[in-house]
Amino acid sequence: MKDIARQRMSIKVSTMDLLNDQIKMESHASASYLAMASWCEQNAFVQSAEFFYHQATEEREHMMKIFKFIADCGGNSLSPTVDNINHDFSNLEEVFETALDQEIEVTKSIYKILSVAKKEQDYLTENFLQWFIKEQLEEEKTFRDILDLFELMGRDGIALKFIDERIKTA
Amino acid sequence: MTKVYASKFYTLYQSDQDRRYYIDFGQKMVKFSFCQLLALRQKIYAVSIEDHFDSDLNKHGFEILILCNKEHLFLLNTFEVLDLMEMVKYSFSLLGISSEIPLTSS
Ligand SMILES: [Fe+2]
Ligand SMILES: [Fe+2]
């Protein structure tokens, strides 16, 4: 019997499933950052809004990276549905804290796929995920640094204005 | 054609000549490309089987499965859905691209 399945697809189906889940997660992150951008716009945090628009675009790029990887490997990429996007935040710090939590969840999820890929000897996926691991490290650091600003400058009206001015879009 | 796996109701075959897969559904034999077989797997895994045990969510316990770009339509009952899930799971392991079921080499 010819190994037709392997000829058609170079990753394992279980990693493909997890990568499809990750597509959903990146797409959810993108939509979630848009909601944060909207909140910042409404509350006149101009720099922060710009920052979240940029994050939203980045998450979509992450999604596309995985989408194309699955397709390049001969798998079936699934277009994600997104729901449960939170638009309500009590303050700017909460927005950034939620963002950090979201990034941490993404990191955990990437690690999970990596461990399955290792177990399955799916070296292609393992190699593909290296980029994401590095990216997650940077993303977490970005948000952690921003949250440090609140410790440093305080949380009253004028401090928040200063913090917003210091938010840079990479 | 080589038999890959047979569950209670279904049998998967691989044909090296036309590089296709064939599933014997009992009442008919359906030809699948590898991609279509992958899509079948995703569709059957997406079925929420718990709903079959809740008369509010799935009143009659049937599932409609549309396969191969709408070429075929199947109506499966709970037992058939579970059996097809199992067939797919074992088959992908036997095809060497999944280790959902650890197989002892023979
Ligand atoms: Fe991301
Ligand atoms: Fe991110």
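Coordinate-derived values only; no laboratory data. Just so we're clear, the structure is a prediction, and the values are computed from it rather than from any experiment. Neighbour counts are summed over all protein chains in view; Cβ atoms, including those assigned to glycine, are modelled from backbone coordinates with ideal geometry.
Structure summary
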item	result
Cross-link pairs A:K24/A:K118; B:K28/B:K70; B:K8/B:K28; B:K28/B:K89 - those with Cα-Cα distance over 18 Å	A:K24/A:K118; B:K28/B:K89
Relative contact order computed over chain B (Cα-Cα under 8 Å; 6+ residues apart), in percent	22 percent
Cα gyration tensor, the range A:1-156 - rounded (a/c under 1.5), prolate or oblate	prolate
C-alpha center-to-center spacing [the range A:90-107, the range A:30-56] in angstrom	13 Å
Neighbour-limited loop hits for chymotrypsin sites (Phe, Trp or Tyr not before Pro), the range B:1-70 (at most 10 other Cβ within 10 Å; DSSP other than H, G, I, E, B)	none
Mean shadow area of the protein assembly as shown over all directions, Cα convex hull, nm²	17.8 nm²
Of the trypsin sites (Lys or Arg not before Pro) in the range B:1-102, those whose Cβ has at most 12 other Cβ within 10 Å and which sit in DSSP loop	B:K8, B:K28, B:K59, B:K70
Check: chain B dipole with +1 on Lys, Arg Cβ and -1 on Asp, Glu Cβ, in debye	460 debye
With Cα atoms, 0 to 90° folded angle of helix B:78-94 axis to chain B main axis	30 degrees
Partner chain coverage, peptide A:9-20 - average Cβ within 10 angstrom	4
Centre separation in Å (Cα based) which lies between the range A:140-170 and the range B:48-88	52 Å
Contact order relative to length of chain A, as percent, for alpha carbon pairs under 8 angstrom and 6 or more apart	30 percent
The range B:2-95, Rg to Rh (Cα coordinates; Rh as Kirkwood inverse mean 1/r)	0.98
Given charges at Cβ of Lys, Arg, Asp, Glu: the protein assembly as shown dipole, positive-most of A:M63, B:L38, B:T11	B:T11
Dipole magnitude of chain A, debye to nearest 20 (Cβ charges: Lys/Arg +1, Asp/Glu -1, about Cα centre)	960 debye
Cross-link reach list, aspartates and glutamates versus A:K12, counting only Cα pairs under 20 Å and skipping chain neighbours closer than eight places	A:D3, A:D21, A:D72, A:E120, A:D122, A:E126, B:E86, B:E100
